[in-house]
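Colleague: For reference, the structure I am asking about is given below.
The values are calculated or read from the model by the stated rules, or taken from the named source; none is laboratory data. Computed from a predicted model, the values in this text were never measured in an experiment. Every residue, glycine among them, receives a Cβ derived from its backbone with ideal geometry; neighbour counts consider all protein chains shown.
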Amino acid sequence: MIRTLMIASALTLPMLAACNQAVKAPTDTGVCYAVETPDGEPTFNVVARDQGQIEMCAARLEEMRLRFRGLGSTRQEVTGAYQGQFIFVDRRGVSFARTLTGARFFALARTGDGRLAVPGAIEREAGTELGTVIEERPAPSFPGQ
């Protein structure tokens, strides 16, 4: 019995040690980073300083992504970091996560024209496909006017 417990604990210790070595995002206040992993080891490059919110950092990363695309890059995803959180900007929109490989929280969606918006702000009529522009209806008129 003791031998079995010793073997089990010997096998789980390396896994626990690997959890402690997970990549952590920098926690500098207001600093937005781009994360590059060319050789597997992440590198944090400052993109902007004095960013008040994580959404502002996401906008700077989107701006960087669009500029790279304008120069001929084919990359669809940009990864960044802001105050201990990771930011993922891709074709769908913007997601946040606490780790590089962990679960992501979907924060900003792309509108039909490619802009970023809070997912609840995008309205669709039933039966319309994504990317379809919904025209604004005229204001209702009151009786007698």
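Colleague: Any residue that is within 19 Å of I54 (Cα to Cα), exposed (fewer than 14 other Cβ atoms within 10 Å of the Cβ) and at pLDDT 65 or above - is there at least one of those in region 106-114?
Modeller: Scanning region 106-114, I find at least one residue that is within 19 Å of I54 (Cα to Cα), exposed (fewer than 14 other Cβ atoms within 10 Å of the Cβ) and at pLDDT 65 or above, so the answer is yes.
Colleague: Report whether or not F68 is modelled with pLDDT under 90 and of a type in the set (A, V, I, L, M, F, W, C).
Modeller: yes
Colleague: In addition: Report, ordered by the first and then the second residue, all pairs with beta carbons closer than 8 Å, sequence separation of six or more or different chains, a first member in region 43-72 that is at negative phi, and a second member that is at pLDDT below 90 and of a type in the set (S, T, N, Q).
Modeller: Within 8 Å, the pairs are T43/T37.
Colleague: Counting only residues that are assigned to a strand (DSSP E or B) and touching a residue at least 60 places away in the same chain (Cβ under 8 Å), how many does region 21-36 have?
Modeller: Number of matching residues: 1.
Colleague: Let me ask something else. Give the number of residues within region 85-110 that are under 17 Å from R60 (Cα atoms), of a type outside the set (F, W, Y), in contact (Cβ under 8 Å) with a residue 60 or more places away in the chain and touching a Ser or Thr at 6+ places or on another chain (Cβ under 8 Å).
Modeller: 0
Colleague: Restricting to region 25-46, name every residue that is within 11 Å of Q85 (Cα to Cα) and within 15 Å of the chain's Cα centre (by Cα).
Modeller: Hits for region 25-46 are A25, C32, Y33.
Colleague: Moving on to the next point. For region 64-122, how many residues meet the condition of being part of a loop (DSSP other than H, G, I, E, B) and either under 19 Å from E36 (Cβ atoms) or out of contact with any Gly (no Cβ under 7 Å at 6 or more places or on another chain) (or both)?
Modeller: Number of matching residues: 25.
Colleague: Looking at region 37-57, can you tell me whether even one residue there is of a type in the set (S, T, Y), closer than 26 Å to D113 by Cα and either at pLDDT below 90 or in a helix (DSSP H, G or I) (or both)?
Modeller: No, every residue in region 37-57 fails to be of a type in the set (S, T, Y), closer than 26 Å to D113 by Cα and either at pLDDT below 90 or in a helix (DSSP H, G or I) (or both).
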